Amino acid sequence: MKQTLETVRKPYFNKELNSYKYSTTTERFITYQGYKFLINSGVRHAVDMKVLNKVEGTDKVPFKTSYLETMLKCLVDARNNLNNPTLTHITLHLNSGYKVSDITERLKRISVDTISYIWSLEDKEGNVHIHLFLIVDIPNTELNINDYINNNYTEKLKCSALERVYNTQYKENEPYYNLKKDDEFVKTVHYASYATKQTNKNNIDKGVRSFGTSKIKDKNQLLKLENFYVVHDYFEEFLLLGSSDDSESFRLGLTIEKAGTYTNVYWSVRDFNLLPTTTPENLVVMLDDTLQVALPSFIQKHRLYLHPDDNIIEYIEVLPTLNQYKKKTTEHVETVIESKSKHVPLVADFEDELLEIVSLHLQSCMQVKDASM
């Protein structure tokens, strides 16, 4: 499991040009069981973490990877074992002298359903509070989820240990997420990942836990997002240039994955058999010519398109020369031909320019359709 920072391009409609354009930003992601999820991160988290690192002399990331993994295990456990797992976010402001276990024990006593939960303890300007991401197995007969959670949980949690209780969904009319639904599960991961951030915890007493979950029942859980997460066919274009006696070649790889509103695009440039005189500029021209023909064909073949609220995440890598490919859903087993790897450093130094080229081609080919279509 690993965190990554990646460049994201989001389509937006330009009224003056009467067409879709793209804005660029950087987002944080976590990969779990082959699935990539967006983390609930912003510029503020990164800034706060830099300040904390400077004070502590550390180099920690804003979100703790082990917390993210535990959070995901809790969410997957609830998704797999509850009939109607529904998530809500409750903020609990603690009175002096009380601790998280006072609240979790009360939560277990008042519960009328099977529940799971993720919690995070924070201190913001002296205000110690718990972010509780509560997953309730809502009865199938219940028609009003908002009132059900408010009456059975939000209101019943109020006690002398708490100064204030605030339910985000109930107060702000925000959506509840059902973990059984693929698209809502992905949104739940993003929503609950807020609990794994490491900032606003520096004033908590030493030795006090600042993050936890309910007990995970299924230790060998599997996550399957069958209807929501699609890995499109692995695409290869082998480019040959020059005469048969004196040719230049390399292989271009492309994988496109669709996960909710996120389209992940992975490029690879590999199998270099280039002349000693080849420059990065020559390679970019070759790549540009190949993409101009091959990419529209690939997109048309798989009927790929974007909705206005979709995000494109792009990543490009330069790989050593390979002689074996083993096609799997998300993995390729490769064997290196060392004698033909000499051009890798040359091309690797030109990755930014290569990504710019492929981004422009993708932008010109991917059609944006209204979400209602």
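Laboratory data are not the source of any read-out in this text; all were calculated from the coordinates shown. Because the structure is predicted, anything quoted here is derived from the model rather than measured. No Cβ is skipped: glycine too gets one built from the backbone with ideal geometry, and neighbour counts run over all protein chains shown.
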- Message: Show me the ranking of peptides 199-208, 84-93 by mean Cβ neighbours inside 10 Å, starting with the highest.
- Response: 84-93, 199-208
- Hey, what does the equivalent ellipsoid look like for the chain, semi-axes from the Cα gyration tensor as sqrt of 5 times each eigenvalue, largest first, whole Å? 46, 23, 19
- Query: With point charges of +1 on the Cβ of Lys and Arg and -1 on the Cβ of Asp and Glu, referenced to the Cα centre of the range 32-213, which listed residue (Leu92, Asn140, Tyr32) lies farthest in the positive direction of the dipole?
  - Reply: Tyr32
- Amide H partners (placed H, <5 Å) of Glu314, local residues excluded: Thr7, Arg9, Val265
- Quick numbers on the range 25-113, Rg and Dmax over C-alpha atoms in Å, give 17.0, 46
- Task: Could you work out the longest stretch of the chain that avoids the GluC sites (Glu not before Pro) located in DSSP loops with at most 13 other Cβ atoms within 10 Å?
- Result: 17-124
- Message: I'd like the FRET efficiency for Val47 and Thr168, computed as 1/(1 + (r/R0)^6) with the beta carbon distance as r and R0 of 25 Å, rounded to 0.05.
- Response: 0.60
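Might you report the magnitude of the Cβ-based charge dipole of the chain about its Cα centre, with Lys and Arg at +1 and Asp and Glu at -1, to the nearest 20 debye? Could the numbers behind the result be given before it?
On the way: 45 positive and 51 negative charges, 368 e Å.
So the magnitude is around 1760 debye.
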- Message: When 1/r is averaged over all different Cα pairs and the result inverted, which Kirkwood radius in Å belongs to the range 32-213?
- Response: 17.1 Å
- Dipole of the chain (Lys/Arg Cβ +1, Asp/Glu Cβ -1, origin at the Cα centre): which of Ser116, Leu287, Ser101 lies farthest to the positive side? Ser101
- Message: Using a Förster radius of 45 Å, what is the FRET efficiency between Arg209 and Arg303 based on their Cβ-Cβ separation? Nearest 0.05, please.
- Response: 0.40
- Length gained, Leu17-Asn83, 0.36 nm per residue minus C-alpha separation, equals 18.9 nm
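Over all alpha-carbon pairs in the range 175-226, figure out the percentage whose distance exceeds 12 Å.
Cα-Cα pairs in the range 175-226 separated by more than 12 Å: 75 percent.
Using 0.36 nm per residue, how much length does the chain from Asp349 to Arg109 gain when fully extended, once their Cα-Cα distance is taken away? It would help to have the intermediate numbers written out before the result.
Details: separation 240, 0.36 × 240 = 86.40 nm, distance 6.02 nm.
So the chain would gain 80.4 nm between Asp349 and Arg109.
Using Cα pairs under 8 angstrom and six or more residues apart, how large is the relative contact order of the chain, in percent? List each step's numbers first, then the result.
Numbers: 642 pairs, mean separation 60.7, N = 373.
Relative contact order comes out at 16 percent.
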